[in-house]
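Have a look at the structure below, then the notes.
The values are calculated or read from the model by the stated rules, or taken from the named source; none is laboratory data. Just so we're clear, the structure is a prediction, and the values are computed from it rather than from any experiment. Using ideal geometry, Cβ is built from the backbone for each residue, glycine included, and neighbour counts are taken over all protein chains shown. The accessibility values were calculated without ligands, DNA or RNA, using every heavy atom of the protein model including side chains. Shrake-Rupley method; radii C 1.70, N 1.55, O 1.52, S 1.80 Å.
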Amino acid sequence: MLQKKHNGGISPLGYDIAPDGTYVINEYEAIAVKKIFSMKIEGAGYGKIVDWLKANGYKTKRGGIYSKGSIHEILCNRKYIGVLELGKSSRHNSRKKADNYMQIEDALPAIIEKKDFLTVENIMARRRNGATNAKEIYALSGRIFCECGAAMSGTRIGARGNKYIYYACSNQKNKHGNCDVSMVRKDKIEYVVYLAIVDYIKAHKQSIITEFLNQSENREEKVRADELRKKIGVQKNKAKNLLALYDGTDDMVLNAYKEAKKTLDMMEAELIELNKNDYSAINQDILEAFIDSFITEVGVSDAFLKKFFDSLDVKVIVNNKNAEIQLNLSVLPFVVALKGIEPLISP
């Protein structure tokens, strides 16, 4: 089944690919993966981790030396907790998820316990947001807007030991215009938005699944992949025939074969990329299991909420009475009242 298959490219450290395309744990490499995570939890930097790998003879799948960047990618790779991500964003736009992004739980054998992975995730999130002083993670940063059109940004009110954290209209903060939309409590708005989205997904689960399946049957990538398979077959025959004609002396035939082979390689590489987003084997049961696991995540830490909002491309528009929540679910936006939110600054 799709969620258990390798999608091409080099398998990550700790895994081999079985003949049937499924992931299997490489026990020798898994030792290194576990060590990388344990060292990070204990406070080791990327340099020390790289040194440990060198000292113990571990090399990359290509036979190279690990870099700090490759250690970071290992620590962010959700395959190690059994999660396969589909439709991931490109390296050029790593913060924005692809429109067809989804993740499949229990798609491959886990090497790292989920609690350890989340611990490392939180460590790295704190560093991204201010290193060791545990600065706030604003889960709706870049996703929450004032009714006047301005972004709302995080702000702290109060003295040390008695601080309140809010989202406030940037027009007001910069004294632009006459906006009168009040600040909202960070913790309450984030949690209310999260609960409203979960309730909405539960209530509309079947329509979301139906829409996804309809889109997967008609998307442009599938049509392109089908066309490419036909062209690859023709190109293979062309390269094969040119190779058969080559007698070891005719440079013209040899050059023509090399060009045909180069074109074939490019076409096959493109097909591999298209197949990474091939959802043809995803059915009703798989989607139901995915949605159920997605909305029953244990714990709602700031790091989890940020990932949750990012994966759904959430947008929140706030006024003094309610908040409109928009989701990238191919369904209509919906409105939820800000019940329980404290819009005014109070000690």
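From the list Tyr200, Tyr194, which one is buried (at least 16 other Cβ atoms within 10 Å of the Cβ), at pLDDT below 85 and part of a helix (DSSP H, G or I)? So that I can check it myself, show each step before the final result.
On the way: Tyr194 fails: at pLDDT below 85.
Answer to the check: Tyr200.
Okay, residues lined up against (1) touching a strand residue (DSSP E or B) at 6+ places or on another chain (Cβ under 8 Å); (2) part of a helix (DSSP H, G or I):
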{"site": "Val24", "(1), (2)": "yes, no"}
{"site": "Glu29", "(1), (2)": "yes, yes"}
{"site": "Lys34", "(1), (2)": "no, yes"}
{"site": "Gly43", "(1), (2)": "no, no"}
{"site": "Gly47", "(1), (2)": "no, yes"}
{"site": "Leu53", "(1), (2)": "no, yes"}
{"site": "Tyr58", "(1), (2)": "no, no"}
{"site": "Arg62", "(1), (2)": "no, no"}
{"site": "Tyr66", "(1), (2)": "no, no"}
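Just to check your reading of the model, which residue among Tyr23, Tyr15, Tyr66, Tyr46 is crowded, with 18+ Cβ neighbours inside 10 Å, closer than 20 Å to Ala110 by Cβ, of a type in the set (Ser, Thr, Tyr) and at pLDDT below 90? Write out each step before concluding.
Values: Tyr15 fails: at pLDDT below 90; Tyr66 fails: closer than 20 Å to Ala110 by Cβ; Tyr46 fails: closer than 20 Å to Ala110 by Cβ.
Only one candidate qualifies: Tyr23.
Out of Lys230, Lys238, Lys261, which single residue is among the basic types (Lys, Arg), surrounded by fewer than 11 Cβ atoms within 10 Å (Cβ to Cβ) and modelled with pLDDT of 85 or more?
Numbers: Lys238 fails: surrounded by fewer than 11 Cβ atoms within 10 Å (Cβ to Cβ); Lys261 fails: surrounded by fewer than 11 Cβ atoms within 10 Å (Cβ to Cβ).
None of the others qualify; the one that does is Lys230.
Considering the range 52-69 alone, what residues qualify as being touching a residue at least 24 places away in the same chain (Cβ under 8 Å) and farther than 18 Å from Tyr15 by Cα?
Within the range 52-69, the subset touching a residue at least 24 places away in the same chain (Cβ under 8 Å) is 56, 58, 60-62.
Scanning the range 52-69 gives a single hit, Asn56.
With (1) modelled with pLDDT under 80; (2) among the aliphatic types (A, V, I, L, M); (3) assigned to a helix (DSSP H, G or I) as the list, and Ala303 as the residue in question, which single condition is left unmet?
Just one mismatch for Ala303, condition (1).
Which of the following residues is open to solvent by 30 Å² or more (accessible area, probe 1.4 Å) and modelled with pLDDT under 90: Ile31, Ile41?
Working: Ile31 fails: modelled with pLDDT under 90.
Only one candidate qualifies: Ile41.
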